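Everything on this sheet refers to the single structure shown next.
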Amino acid sequence: MLNNLYVRTIIMSRVLLHLGIWVRNFAILLYVTDLTDNNPMYVSLISVAEYAPIFLFAFIGGTFADRWRPKRTMVRADVLSAVSVFLVLIAIHNGSWQALLIVTFFSAIMSQFSQPSAMKLFKQHVPEDQLQSVMAMFQSLVAFFMVIGPIAGAYVYQTFGIEASLIVTGVLFLGSALTLSFLPRDQHNQSRSEQRNLLQEAMEGLRYVWNNRTLRTLGMTFAAAGLAVGLIQPMMLFVTIENLGQDKSFLQWLLTASGTAMLVGGAVAMVLAKKISPQSLLALGLIVSALGNLGIGWSTSIFFTLLLQVINGFFNPTIHIGINTLILTNTEGPYIGRVSGALTPIFMGMMVIGMSLGGLLKNQYSLFAVFSTSALLFLVGTIMLIPLFKKSMNATRSLER
């Protein structure tokens, strides 16, 4: 797969991009908790600022990604993200910490134009029998940075401060844009005519999703899983402080344990990618997440919590690999951006709702109640996948006949 120029170049770009995002996110988290004395509402607000734009702009970005040339879109998105970082750096220097939410907000918007463009290039330039393996490779990359990202982010912030963290982030974003610039020029026929009505293209994409049973089923699963993830997204900090009785800096080791397991799990999934159906991978990941979250919310043992983080992390890649493979294999090339843009807001919208409710539920009930609710929602998402298994079984029977 690494012999493929598009896969190799986008991987190199994502290495720089992921590192920049982790340095930025972890520095912002530690900086804001320092200023607000670990206030759960402010911690939740950071996550909302990071994910709300994905809900608001995913479909718009996906529609434009189908219309625009993918390489040029990705390069410009990274450059604009870097520029936003340097502008916010000026505001921070003048004492406005709330401006940190702006850079997170804007960068998330840019990713809604860049991400579907990358998926479009994969659809065009990667053989279909390699798509699930490529998705596994990219999930391994995410896992790798879950290992080194928190350590790097905490080190840069604690050693050099928030301003240095933002400078590093901006430079890494520019490096990603430079790397992508070495891709071959986009072909002119990859760009949709500017004469076409944007609203018509958007509605065409929504009809395409609605008329595809697999994509409709994924949408329902996305809703349940998104709410489940959102509820616990800001809560790991409180698992660290309240359940385990550790300083907030210990959070990086929980994330590192999960990330290390994700790296191994992604590698295993890459090997098994051609032997297991994407819906089976997705269901397996959801079930393990349900059981793991229930245990994490209950545990007061450092060892047991770390063990559950490892188990969750090992199976977490199966969720993302299954989802991305189902989207790519069940979507025609000209619709990749809009399908991704239609499904992502379902997941992210419910995730933002969950993040907004997480702090309130914790204050009203308990940390364990939040994690238990999340576990139940993961199980609901698994049940919603049953039509996909029935479809696969019917297809197998037809072939046998």
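Considering only protein heavy atoms, what per residue accessible area in square angstrom results for the chain with a 1.4 angstrom probe?
Value returned for the chain: 43 Å² of accessible area per residue.
Classify segment 1-143 as rounded, prolate or oblate from the Cα gyration tensor: take a ≥ b ≥ c as the square roots of its eigenvalues, call it rounded if a/c is under 1.5, otherwise prolate when a/b beats b/c and oblate if not.
It comes out prolate by the Cα gyration axes.
Once you put a point 7 Å from the Cα of R207 and another 7 Å from the Cα of W298, both along the Cβ direction, what distance in nm separates them?
The modelled label-to-label distance comes out at 5.1 nm.
For the chain, just say rounded, prolate or oblate: build the C-alpha gyration tensor, square-root its eigenvalues into a ≥ b ≥ c, call rounded for a/c under 1.5, and beyond that prolate if a/b exceeds b/c, oblate if not.
Since a/c reaches 1.5 but b/c is at least a/b, the shape of the chain is classed as oblate.
What distance in nm lies between label points placed 7 Å from Cα along the C-beta direction at L291 and D34?
4.1 nm
For E332 and M393, what is the calculated FRET efficiency with R₀ set at 22 Å and r taken between the beta-carbons, to the nearest 0.05?
The calculated FRET efficiency here is 0.35.
Per-residue counts of other Cβ atoms within 10 Å, averaged by peptide: what ranking do you get for 344-352, 105-113, highest first?
Put in order of decreasing packing, that is 344-352, 105-113.
FRET efficiency for R76 and F250, Cβ-Cβ distance as r, R0 = 30 Å, nearest 0.05?
E between R76 and F250, to the nearest 0.05, is 0.15.
Could you compute the FRET efficiency for Y42 and L272, with r as their C-beta to C-beta distance and R0 at 51 Å, rounded to 0.05?
Using R0 = 51 Å, I get an efficiency of 0.75.
What's the extension gain from A164 to L360 if we count 0.36 nm per residue and subtract their Cα-Cα distance? Could you put the intermediate results ahead of the total?
On the way: separation 196, 0.36 × 196 = 70.56 nm, distance 3.35 nm.
This chain segment gains 67.2 nm when fully extended.
Which longest uninterrupted range of the chain lacks any GluC sites (Glu not before Pro) assigned by DSSP to a loop state (not H, G, I, E or B) and surrounded by at most 16 other Cβ atoms within 10 Å? All intermediate terms of the calculation are to be shown ahead of the outcome.
Working: sites that count: E194, E332.
Answer from the scan: 1-193.
Under 24 Å between alpha carbons, and skipping anything fewer than 8 positions from K71 in its own chain: which lysines qualify?
Straight-line reach from K71, under 24 Å: K120, K123.
Suppose only helical runs count, i.e. DSSP H with n ≥ 4. What mean residue ellipticity at 222 nm does that imply for the chain under -39500 (n - 2.57) per run, divided by all residues and rounded to the nearest 500 deg cm²/dmol?
Only helices count here, giving -28500 deg cm²/dmol.
For segment 258-361, what does the alpha-carbon gyration tensor say about shape, rounded, prolate or oblate, given a ≥ b ≥ c as the root eigenvalues, a/c under 1.5 as rounded, and a/b over b/c as prolate? Walk me through the numbers before you get to the answer.
On the way: a/c = 2.89, a/b = 1.31, b/c = 2.21.
Note, shape of segment 258-361 comes out oblate.
The values are calculated or read from the model by the stated rules, or taken from the named source; none is laboratory data. Nothing here was measured: the structure is a model prediction, and the numbers come from that model. With ideal geometry, Cβ positions are generated from the backbone for all residues, glycine too; neighbour counts draw on all protein chains shown. For accessibility, only protein heavy atoms count, side chains too; no ligands or nucleic acids. Shrake-Rupley method; radii C 1.70, N 1.55, O 1.52, S 1.80 Å.
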